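The values are calculated or read from the model by the stated rules, or taken from the named source; none is laboratory data. The shown structure was predicted, so the numbers you read here are calculated from the model rather than taken from an experiment. Don't worry about glycine lacking a Cβ; one is built from the backbone with ideal geometry, like all the others, and counts go over all protein chains shown.
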């Protein structure tokens, strides 16, 4: 049944990605549309959306992050598909809202495939995916996760903008008319998958180890109490026989 919780998740991903697209377009097409201000605006929006929507859907707002979390088995297959669909629709909504505001259509800016753009977008997404995985595996609070992810997205865009437009987000690429499969779609996905799984494999403590340590600690604490109670019970039985 399609309940309130599922509707909230879809709206969160749709709304968050739409706001991100609208803000990036507004800064990118303005007189201060330099990479630093685009990155700053995108990072602030990401932090805000994470803080307000993070407890609802996780606030991925990025198909590359969703795919990366799916490969790390942090998101179910059906949920990943629904997330990506909501994100793409949100990007389209952000684009159409911006064109309504400026009363004109936008020309494509993605250009053609070049390996430099692919690598630049992948490196930026690797930075974002690595930070995102750290926030997930270390179970940051919502506020800390918002700050880390927002800063990571800002740095990711700055790193990628040396050779590309600096989007690091396939949905955002769709919204700003830079949809090129070989660069602004494949690049972020590859980078995010590598970043998330690299952190999970090398730097995250396995959950099974954590569970084992917790269980062994609990048994160590409980054992002395059990040994203390048994002699007391024996003394009571002996006194009754006398």
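Values computed for the structure shown
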| item | result |
| --- | --- |
| Residue within segment 106-118 that is under 26 Å from residue 48 (Cβ atoms) and surrounded by fewer than 23 Cβ atoms within 10 Å (Cβ to Cβ) present | yes |
| Of all residues in segment 60-81 being within 16 Å of residue 8 (Cβ to Cβ) and at pLDDT 95 or above, the one that is surrounded by the fewest Cβ atoms within 10 Å (Cβ to Cβ) | 60 |
| Count of segment 142-178 residues which are modelled with pLDDT of 95 or more and part of a loop (DSSP other than H, G, I, E, B) | 11 |
| Residue match in segment 109-120 (condition: assigned to a helix (DSSP H, G or I), modelled with pLDDT of 95 or more and either in contact with a strand residue (DSSP E or B) (Cβ under 6 Å, 6 or more places away or on another chain) or more than 17 Å from residue 189 (Cβ to Cβ) (or both)) | yes |
| Among (1) within 21 Å of residue 55 (Cα to Cα); (2) without any contact (Cβ under 8 Å) to a residue 24 or more places away in the chain - the single one residue 67 does not satisfy | (2) |
